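What follows is a single structure, written as structure tokens, with notes after it.
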Amino acid sequence: MLSTQGDDIDQMVTPNGSPILKVGGVASAVMIVLSLLLASTIAGPVRRLADSAERVRHRIKTRVEIPIHPPPRRDRPSVGALRDMTGALYNRIEAIEMFAADVAHELKNPLTSLRSAVETLPLARNENSRSRLLASSSTTSGGSTA
């Protein structure tokens, strides 16, 4: 081999180089197609879940269901678990809103009564009327009449 001239080696390799390049090109094309196919089967469902999560994040007032397009598999997160989690979050948000509305209502009634008593106090003509107004306002506010 050491005594062989460079031209002789090139003549031996050149006829075999073309089929090797063709096989390499075909293998590369098959690899790219399979990679894209695999990436789309993995990324597609994850992208749909991410889009659903974004819709849930932006629409707190209306319920958004997480879609179940492909059947559940062991190699991806459970869509059912994500749907249950989203439903639990919506229920918690509704409970917090109802609690806030109840607290606002419970605070509004005594405050309205106090405001009415305070507005009426200057109009009271005698001490007996004033003491009754003060007693009703302190009873409404939860205080004592001392």
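The values are calculated or read from the model by the stated rules, or taken from the named source; none is laboratory data. Because the structure is a prediction, the values reported are computed rather than measured. Here the Cβ positions follow ideal geometry from the backbone for every residue, glycine too, while neighbour counts run over all protein chains shown. Just the protein is used for accessible areas: all its heavy atoms, side chains included, with ligands, DNA and RNA removed. Shrake-Rupley method; radii C 1.70, N 1.55, O 1.52, S 1.80 Å.
Quick notes
- Residues within the stretch 27-51 that are closer than 30 Å to Arg83 by Cβ and not small (Gly, Ala, Ser), tallied: 11
- Annotation note: of Thr86, Thr120, the sole residue that is surrounded by 10 or more Cβ atoms within 10 Å (Cβ to Cβ), at pLDDT 75 or above and farther than 30 Å from Leu49 by Cβ is Thr120.
- Flag if Ser113 is farther than 29 Å from His58 by Cβ and at pLDDT below 80: yes
- The stretch 123-146 - residue that is open to solvent by 90 Å² or more (accessible area, probe 1.4 Å) and over 53 Å from the mean Cα position of the chain (by Cα) and, of those, modelled with the lowest pLDDT: Ala146
- Test: residue in the stretch 20-33 that is open to solvent by 100 Å² or more (accessible area, probe 1.4 Å), modelled with pLDDT under 80 and of a type in the set (Lys, Arg): no
- Verdict on Glu106 being of a type outside the set (Ser, Thr, Tyr) and at pLDDT 70 or above: yes
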